[in-house]
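What follows draws every value from the coordinates through simple rules; no lab data is involved. Source: prediction; values computed, not measured. Cβ sites come from the backbone with ideal geometry, for glycine too, and all protein chains shown count toward neighbours.
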Amino acid sequence: MSGLETQPTPGSSNGAFRLDVQLHELLKRPASHRPVPPRLSHPPQTLPEPVFPQHPKLLRDDDDDAEYNPRQGNDPYRRRWTPSLIYRGMRGWMFPYFKSRLLPGDFHPIIAYLFTEWKCNLDCHYCWAFDNRVKGMSEDIARRSIDWLHSTTCRVLALMGGEPLLRPQFVHKVVYYAAKKGFWVYLPTNARLLRPEVIDRVADAGVAVVNFAVDAVDEKPGLPKALNPVRKYLDYLIRKQYKYGYSVFFNINICRNNHADVKQLTEIAHENGIATDYHINESPMIEQEHFQHYDENDTFIHSEDWPKVDALVDWLVEKNQVGYKMVNSVKRLNDMKDFLRGKVEPWNCRAGQNNVIIRVDGTLAPCFPMYSATYNWGAIENHKFEVPQLNEMKKECQTHCFSTLNHNLGYCYNDTRVIRWILRQAARGFQGVSGSFD
């Protein structure tokens, strides 16, 4: 039996995707309808060569790194955020949010996902978000994308893949240029290429957060993103964050075959004073012709697994409520149970309005599941997002989607919640709060 036949959302009309057939056909029009990538600049633009090191003293691996050893007892308020780092966070998130609420028009991105790669060095069996035949982003497209985003409200830039660190020198240039333009830069990675010298370069360039994607402690069938092969990189990453001022969190995908690992990784994160972010395993929303693991997939969750997933979610909620740092709210964790059973209500998706996807060729999409769609949403410097089209599409796709990042943005796009969160932060001197955005 195909894993997709027992995936959470019922009513799939095709084993290769979960959307309504009519909407799927609209989004996957023939390739001739795909948006046209922006023309190459003449001469092609390049990214400036980063100055390295900008902060030579931070390169030293001396006794200052031993200032805080989280394994001796986790204190979520032990870390001290400087005024410059607090301002960086406000400039990235708070100011663009209020601008998006006050300025006229509908397209006011807060966060942009820049897909510098669509290749990956690992093959996680649940993941369709890579194709090793696709060439990575050029410097011309990267620089023009950042310049275009800078002309909007957007000040959060997430580098995406695939695996961004397949080209560490390119990533160094992108982080350096974006940080100099005032962006709060987010770097996700499976960490296999996150060597200490790479950490120092992206940290020195100004990265704000590193998303350390890991699904198991030791490698499991279909789950190569394991901690132990890269544990020394994690130790260095955690230690150096207190010098450079970035933060770290685990990104964990809840699959059929990693429940014990999820708990163990949660405890490891807590012991080290870092946050966690959880996803529930989803099959592709729209057809992905390059995806090789539709059938006999050990990571896909089946209906008989629901009670075990429920128990795991309950355990995570308990940890959240006693102060473990988590990106997910308690509500979103509990909503995973309903999603497994196909009970998804509209959730204020902001795709194409307050977040945007930039593909490796410079064309645009509203969200991750639509990366492979051929519908024309335009390209950098000339977006074609229209709220009526987005709203009509979301009537269907929202009920099939559990995108953690987009859910968090939709959940947070609420004045009352934002003000309450800011007040909680202010009460702590903007030094962080435990739990999550509730």
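Here is how the numbers come out for the structure above:
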| read-out | value |
| --- | --- |
| Relative contact order of the range 288-438, defined on C-alpha pairs under 8 angstrom at six or more residues apart (%) | 29 percent |
| Dipole of the chain [Lys/Arg +1, Asp/Glu -1 at C-beta], most positive-end residue of Ala142, Cys127, Ala373 | Ala142 |
| Virtual spin-label span in nm between Phe95 and Asn348, 7 Å along Cα→Cβ | 2.4 nm |
| Shape category assigned to the range 248-312 from the gyration tensor of Cα positions, a/c cut at 1.5 | oblate |
| Whether the range 180-305 is rounded, prolate or oblate, judged on the alpha carbon gyration tensor where a/c under 1.5 counts as rounded | prolate |
| Counted charge near Val174, where neighbours are those whose Cβ lies closer than 13 Å (Asp, Glu -1; Lys, Arg +1) | +2 |
| Percent of beta bridges antiparallel (DSSP, the chain, rounded to nearest 5) | 20 percent |
| GNM top mover of Lys180, Lys135, Lys57 - the chain, alpha-carbon springs below 10 Å | Lys57 |
| Relative contact order computed over the range 177-274 (Cα-Cα under 8 Å; 6+ residues apart), in percent | 27 percent |
| Footprinting exposure proxy for Leu223, Leu423 (fewest neighbouring C-beta atoms within 10 Å first) | Leu423, Leu223 |
| Protection proxy ranking of 391-403, 208-220 - average other beta-carbon atoms within 10 Å, highest first | 208-220, 391-403 |
| Per-residue [θ]222 nm for the chain (sum of -39500 (n - 2.57) over DSSP H runs n ≥ 4, rounded to 500) | -10000 deg cm²/dmol |
| Listed residues Ala178, Ala365, Ala260, most fluctuating in the chain (Gaussian network, C-alpha, under 10 Å) | Ala260 |
| Global form of the chain, assessed from the alpha-carbon gyration tensor, a/c cut-off 1.5 | rounded |
| The chain: most fluctuating residue of Pro104, Pro346, Pro38 per GNM, C-alpha cutoff 10 Å | Pro104 |
| Ascending count of other beta-carbon atoms within 10 Å, so fewest first, for Ser84, Ser247 | Ser84, Ser247 |
| Local net charge near Cys120, Cβ-Cβ under 13 Å (Lys/Arg +1, Asp/Glu -1) | +1 |
| Order of His55, His293 - criterion: other Cβ atoms within 10 Å of each residue's Cβ, fewest first | His55, His293 |
| Filter on Lys308/Lys331; Lys119/Lys220; Lys325/Lys395; Lys119/Lys243 - keep pairs with C-alpha separation over 23 Å | Lys325/Lys395; Lys119/Lys243 |
| Percent RCO, i.e. relative contact order, over the chain, from Cα pairs under 8 Å lying at least 6 residues apart | 24 percent |
